[in-house]
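Heads up, the thing below is written out as structure tokens.
The values are calculated or read from the model by the stated rules, or taken from the named source; none is laboratory data. Predicted model, so just to flag it, every value in this text is computed and none were measured. Here the Cβ positions follow ideal geometry from the backbone for every residue, glycine too, while neighbour counts run over all protein chains shown.
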């Protein structure tokens with residue numbers, strides 16, 4: 001089994017665990033909304049993993065109401081641009097906030 005398929009399977013299997021910790025007083029969200037964001041996060045992570053030229057293990061993905069935030073460290077500006085392009089192409093993503101940092105080598 002390829003590592004990307006294994007990782008995607010693990011992410012999908014554990015994404016339901018997110019539901020229990022996402023409700024805060026005054027910020028309640030439906031289980032469907034949380035699951036939708038979780039599914040988008042999983043799709044983005046899977047798409048980034050499929051890109052062999054991006055060190056996606058160093059990229060964190062957070063999603064809230066379809067808005068995706070990418071953070072972490074990558075090797076080049078090209079990888080930042082590519083990660084943004086890949087993320088925007090994922091179905092359900094409404095906007096992307098880039099908090100990726102080009103690490104000095």
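Descriptive notes on the structure:
- Residues being closer than 11 Å to residue 40 by Cα, part of a strand (DSSP E or B) and either touching a helix residue (DSSP H, G or I) at 6+ places or on another chain (Cβ under 8 Å) or in contact (Cβ under 8 Å) with a residue 60 or more places away in the chain (or both) - total across the stretch 52-84: 5
- Checking each residue in the stretch 58-68 for being surrounded by fewer than 16 Cβ atoms within 10 Å (Cβ to Cβ) and touching a strand residue (DSSP E or B) at 6+ places or on another chain (Cβ under 9 Å) picks out 58, 60, 62, 66, 67.
- The selection criterion, being at pLDDT 95 or above, part of a loop (DSSP other than H, G, I, E, B) and within 10 Å of residue 44 (Cβ to Cβ), holds for residue 93.
- Condition check for residue 87: modelled with pLDDT of 90 or more, touching a helix residue (DSSP H, G or I) at 6+ places or on another chain (Cβ under 6 Å), surrounded by 14 or more Cβ atoms within 10 Å (Cβ to Cβ) and under 18 Å from residue 100 (Cβ atoms): yes
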